[in-house]
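Here the structure comes first, spelled out in structure tokens, and everything after it is commentary.
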Amino acid sequence: QLIPLIGFISVGLGSAVLYLLRLALYSPDVSWDRKNNPEPWNKLGPTDQYKFLAISTDYKNLKKDRPSF
């Protein structure tokens, strides 16, 4: 009777670890290299998708509505 419980707990822990790895590697808020790229969020373009799930937004057709510095 403990085998399903252990299975569900291991699936939950595995998915939590995978989500944390995704946040650490692909999130623009995390800076691993402070010398070469101290502010990685400034290099995002208006067509870059940084959300986890975008259902109705097509990022390829967006136009730039802000000035470039």
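The values are calculated or read from the model by the stated rules, or taken from the named source; none is laboratory data. Everything numeric here is computed off the predicted structure, so don't read it as measured data. Quick reminder, even Gly has a Cβ in these numbers, built from the backbone with ideal geometry, and neighbours come from all protein chains shown.
For segment 1-40, what are the residues that are aliphatic (A, V, I, L, M), at pLDDT below 90 and part of a helix (DSSP H, G or I)? Once the filter is applied, which keeps residues that are aliphatic (A, V, I, L, M), at pLDDT below 90 and part of a helix (DSSP H, G or I), segment 1-40 yields L23, A24, L25. Pairs linking a residue in segment 3-20 that is on the phi > 0 side of the Ramachandran plot to a residue that is surrounded by 10 or more Cβ atoms within 10 Å (Cβ to Cβ) and basic (K, R), with Cβ atoms under 7 Å and 6 or more positions apart or on different chains, do not occur. If you go through segment 1-42 and keep only what is surrounded by 10 or more Cβ atoms within 10 Å (Cβ to Cβ) and within 30 Å of P67 (Cβ to Cβ), you end up with L23, Y26, S27, P28, V30, S31, N37, P40, W41. Look at G45 and say whether it is small (G, A, S) and closer than 17 Å to R66 by Cβ. So G45 passes the test.
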